[in-house]
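The values are calculated or read from the model by the stated rules, or taken from the named source; none is laboratory data. Source: prediction; values computed, not measured. Cβ coordinates were reconstructed from backbone atoms using ideal geometry, including for glycine residues, and neighbour counts include every protein chain displayed.
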Amino acid sequence: MNQTTNLEQTVLFMTGSTGFIGKETVKQLVEKTDVHMLLLVRSEQRARTVLESYGVRSLERITFVVGDLSVQGLGLAPRDHKRIREANVILHVGGTMDITLERETAEKIFRHGAREIAQLAEDIQRSGGLRHFIHVVGFMSPYGQGSEQEEQININHLHSQESAYEEMKFQADGYIREHAKQNGYPLSVVNPSTVVGPRPTGETEQTGGIGLLIGAVQKGFMPVVPGGSSYWLPLVENDVVAETLVFLTKDDSPIGGTYALLARKENSPNMKELLHILTKQLDVPKPAGGALPLSWIQKLLNVGGTRISGIPAQSLAFITDRTFQVEETEGLLKRMGRTWPDIREQLPFITADLDYRLLPKPEAEHIPNDYIRIRRGNLAMLGWEGEGEPWVIVHGLLQCADDLLPLGSQLRKLTGNPVWIVDLAGFGRSPVHQSRDAFTGQVNALVDALGEMQFPIKLVGHSVGAAIAAAALKQSGRADIRLALLQPAADNVNEGNNGRLKQMLRLPRRVVRTLLRSKSQRSWARMFSIDSSVQIKGSIVDRSAQRAYGYLRSPRIAGAHVDLLRWIHLGHKQELSFWGQYGNLEQTNNATDLLIVWADKDREYHFPSKLKPGYKKVDVPHGHYFPVFQFEQTAEILMNWAENSHMNNDRQGY
């Protein structure tokens, strides 16, 4: 059935608009429809901030209505209640995603909230007619799946479960279904499976679903396959959920139904395959203990396992051996003109995102937070849009893209250009690369990412990121990329200072990774303090040390560090100088205006003397990590270089 334009303006009353699903739904409604939205929120100012931060570009067709699902009458002022009764579509997405909710709280939010929303639906139906009620509730709901007898069996099973969160959500489902029958309005129930981040980035801010499993694997608490190969964890991206909700909202002649948003079981990864994908991305061994029944794992968690692992026993409710009816869903997808996406394609990005989110971060973050996130190739990027030729910045070791946000923000402020900071493969939010060689894999990933940016670029690399940027530029053969190298590091190590490190790097990879992760936060702070030759506030050094220590809690990020450290210290033969090979970029690329900024207080590296002549050099009296600690000065140097293509080729002091 094709949707047609109704002469009646769609006025949507929506709950849960600032949640994980809700934000994406509002964004798509703004971009794809002319629907006017009445959004139930607890705080208008907070809701505005949340939606604008998520990328909702216009709030013109949005009216915020202050209220609360857990309060009698939704806590609405009389004027707002009258306004809401003008809606002809209700989209009920509200409810906290917290499987550990106490029963009383869960009952207030879900069951009480359902009664209040149903009463509102009844009022609208009586006064002018409710075109459509759309209710979003979890995929394990016993309602709408099979015959009445099968439903009753599932309901009886529900009452035997321990999770008040699940029970109250599903009681709300049953109540609204019965109310819709009694009052004669069309009801569509959308049952998303475990929700993960949208394409292309996979940003999964809701860490209570698959994030619990990833956290367990990350910490080594998943040595077995829960349930075995007959079990699975159904997953759906939140943009797919939002697209479905938007389609139903616009439907002028809704027929109602139950739509389980999940793929067919046979087309989805089972638990064994899923764990193999996760362990590969997290750089940890596959489960060696075979399969273990879910009931046994639940008992272990209930007798102390939750306290040790941080995994609630209730979280296992999302792992199932059930087969779900998806015929109605497939019919809806056909009407929408789309097919079900394969979650395997997105899992590496979801895994990297959640792995990074679950790491400890400094309590006080004095870094810009107005950036947006994009993906190019298989790499995550943070930054800002702007006018003119973009900057692309590549970080070094003990860093992720976040560490160079102050530099990127200052560059954008000075130039107005777009600025994008790359997370290297296996670092930050980027999945691990698939190459056997660490450096080659990083270069290939960057080349692919730059290949999606077919316009002039100013490419900046720091430390080993400078070597990766230089090699990527040469491999790309592009003549529209200008290159700036900040403290470039490859085979220019001061060997006298690194004998002990070199010996350590010859040990087995897992041993090296363990030793690297064993370094204390204090030792990283000491290293950063020694590296800087100027007075830096202790809090800045401490935050950098906290971040470095936190990054290395991830086996994935720690492994990526080990691989690049080995490449730097063990990967070169004396007769094959890296900078001898890649240092003649000025000659191989006519458009390249090569800048090198060198900090002469660096104790670990010396200037790469084998670079071919023709570059521009600026000396600074700092240590190796000056782009992090002296970001304002670094941005000014880069801006001057970009604006003045006729810089003197002689060495420039700063």
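Table for the structure above
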quantity: Tally of residues being in a helix (DSSP H, G or I), among the polar types (S, T, N, Q) and in contact (Cβ under 8 Å) with a residue 40 or more places away in the chain across the stretch 608-645; calculated: 1
quantity: Tabulated pairs, the stretch 497-517, first exposed (fewer than 14 other Cβ atoms within 10 Å of the Cβ), second modelled with pLDDT under 95 and in a loop (DSSP other than H, G, I, E, B), C-beta under 7 angstrom, 6+ apart or interchain; calculated: ASN497/ARG603; ASN497/GLU604
quantity: Residue in the stretch 99-116 that is in a loop (DSSP other than H, G, I, E, B), surrounded by fewer than 14 Cβ atoms within 10 Å (Cβ to Cβ) and assigned by TED's automatic domain parsing to the domain that holds ALA164 present; calculated: yes
quantity: Verdict on PHE64 being of a type outside the set (Lys, Arg) and under 28 Å from VAL326 (Cβ atoms); calculated: no
quantity: Any pair with Cβ under 7 angstrom, 6 or more apart, that starts in the stretch 301-327 at a residue that is at negative phi and assigned to a loop (DSSP other than H, G, I, E, B) and ends at one that is modelled with pLDDT of 70 or more and of a type in the set (Ser, Thr, Tyr); calculated: ILE319/TYR231; ASP321/SER230; ASP321/TYR231
quantity: Search result, residues across the stretch 251-274 that are more than 18 Å from MET140 (Cα to Cα) and buried (at least 21 other Cβ atoms within 10 Å of the Cβ); calculated: ASP251, LEU274
quantity: Qualifying residue in the stretch 9-20 (condition: surrounded by 13 or more Cβ atoms within 10 Å (Cβ to Cβ), among the aromatic types (Phe, Trp, Tyr) and modelled with pLDDT of 95 or more); calculated: yes
quantity: Inter-residue pairs, beta-carbon under 6 Å, first outside any strand (DSSP E or B) and in the stretch 595-607, second acidic (Asp, Glu), 6+ apart; calculated: ASP600/ASP619
quantity: Members of the stretch 465-480 that are surrounded by fewer than 24 Cβ atoms within 10 Å (Cβ to Cβ) and of a type outside the set (S, T, N, Q); calculated: ALA471, LYS474, GLY477, ARG478, ALA479, ASP480
quantity: Flag if VAL562 is modelled with pLDDT of 80 or more, touching a helix residue (DSSP H, G or I) at 6+ places or on another chain (Cβ under 8 Å) and not in a helix (DSSP H, G or I); calculated: no
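Yes/no per residue for (1) of a type in the set (D, E, K, R); (2) modelled with pLDDT of 95 or more:
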position: GLY208; (1), (2): no, no
position: GLN218; (1), (2): no, no
position: PHE221; (1), (2): no, no
position: GLU237; (1), (2): yes, yes
position: THR244; (1), (2): no, yes
position: SER253; (1), (2): no, no
position: LEU294; (1), (2): no, no
